[in-house]
Each structure stands twice: as structure tokens, then as C-alpha cells.
Amino acid sequence: MAEVLVVVDHVDGAVRKPTLELLALARRLGEPVAVFLGSGVESAASVLGEHGAVRVLAVDAPEFGEFSVVPKVDAVQAAVAAVSPAAVLVS
């Protein structure tokens with residue numbers, strides 16, 4: 001079954017509702033793989049798993065706390081290269 005990347009929307013590790021909805025949609029398309037950018041993955045991993053993520057790719061860097069989009073795009077691009085997903089879902 002194809003993997004589907006879901007970019008996690010969170011505030012300090014607290015996963016936001018749109019991400020949970022995207023994980024439900026991703027389960028229809030394939031195997032959801034959560035992409036968590038920033039700090040707080042320890043508290044978010046169990047919630048992501050409960051909502052269908054088969055694995056969590058986590059990247060933490062100080063740049064993610066800033067409003068710059070480029071580091072996030074680079075991290076998502078690296079996740080796409082590593083997983084070769086059927087789709088990438090972003091809220």
C-alpha cells in the first residue's frame with residue numbers, strides 16, 4: 001500500500017484538529033506517515049498514532065520556530081525524497 005505524508009500542524013507539540021482530519025483522509029488513500037516539524041514530538045507521537053499514523057518523521061531545528069517557510073519546505077522535500085509518497089497532505 002502506498003504511503004501518504006501528512007504535514008503535522010501543531011502548537012508546541014499539541015496537534016491541531018485539521019491534522020487529525022487529514023490523517024483520517026490519508027488512511028483512505030494509503031498508509032499515513034506524519035511529518036512533524038519542530039519541538040514537542042514526544043507528546044504528539046501517541047496522538048498521531050491513535051489517529052492512524054503508521055510512523056512519524058520528526059525534524060527539530062531552531063528555524064522552525066521562526067516565520068520563515070523555506071526551512072519547512074526543505075524538510076518536507078527531504079521527507080518526500082525519503083518516502084516517495086503517493087500524496088502529501090498539508091492543512
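Take the conditions among the small types (Gly, Ala, Ser), modelled with pLDDT under 95 and either closer than 19 Å to GLU3 by Cβ or exposed (fewer than 14 other Cβ atoms within 10 Å of the Cβ) (or both) and apply them to SER68. Does it pass?
yes
Between a residue in the range 2-17 that is farther than 23 Å from GLU66 by Cβ and among the charged types (D, E, K, R) and any residue that is open to solvent by 50 Å² or more (accessible area, probe 1.4 Å) and at pLDDT 95 or above, which pairs come within a Cβ distance under 8 Å, given they are 6 or more apart or on different chains?
Short answer, once both residue conditions are applied: GLU3/GLU31; GLU3/VAL54; GLU3/SER84; GLU3/ALA86.
Yes or no, residue by residue, for (1) touching a helix residue (DSSP H, G or I) at 6+ places or on another chain (Cβ under 8 Å); (2) of a type in the set (D, E, K, R); (3) over 22 Å from ASP74 (Cβ atoms):
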| position | (1), (2), (3) |
| --- | --- |
| HIS10 | yes, no, no |
| LYS17 | no, yes, yes |
| GLU21 | no, yes, yes |
| VAL54 | no, no, yes |
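Would you say VAL83 is surrounded by 13 or more Cβ atoms within 10 Å (Cβ to Cβ) and modelled with pLDDT under 95?
Considered against the rule, which asks whether it is surrounded by 13 or more Cβ atoms within 10 Å (Cβ to Cβ) and modelled with pLDDT under 95, VAL83 comes out as no.
Can you tell me which of (1) touching a Ser or Thr at 6+ places or on another chain (Cβ under 8 Å); (2) on the phi > 0 side of the Ramachandran plot is the one ASP60 doesn't meet?
(2)
Taking the condition under 17 Å from SER84 (Cα atoms) and either open to solvent by less than 10 Å² (accessible area, probe 1.4 Å) or of a type outside the set (Lys, Arg) (or both), does VAL7 pass?
For VAL7, the condition - under 17 Å from SER84 (Cα atoms) and either open to solvent by less than 10 Å² (accessible area, probe 1.4 Å) or of a type outside the set (Lys, Arg) (or both) - is met.
Could you tell me which residue of the range 30-57 is nearest to VAL15 (Cα to Cα), considering only residues that are touching a residue at least 12 places away in the same chain (Cβ under 8 Å) and open to solvent by 60 Å² or more (accessible area, probe 1.4 Å)?
Looking at the filtered set, the residue picked out is SER43.
The values are calculated or read from the model by the stated rules, or taken from the named source; none is laboratory data. Quick caveat, the model's predicted, so the values are computed rather than measured. A quick note on method: Cβ atoms are made from the backbone with ideal geometry, for glycine too, and the neighbour counts reach across all protein chains shown. Heavy atoms of the whole protein, side chains included, go into the accessibility calculation; ligands, DNA and RNA do not. Shrake-Rupley method; radii C 1.70, N 1.55, O 1.52, S 1.80 Å.
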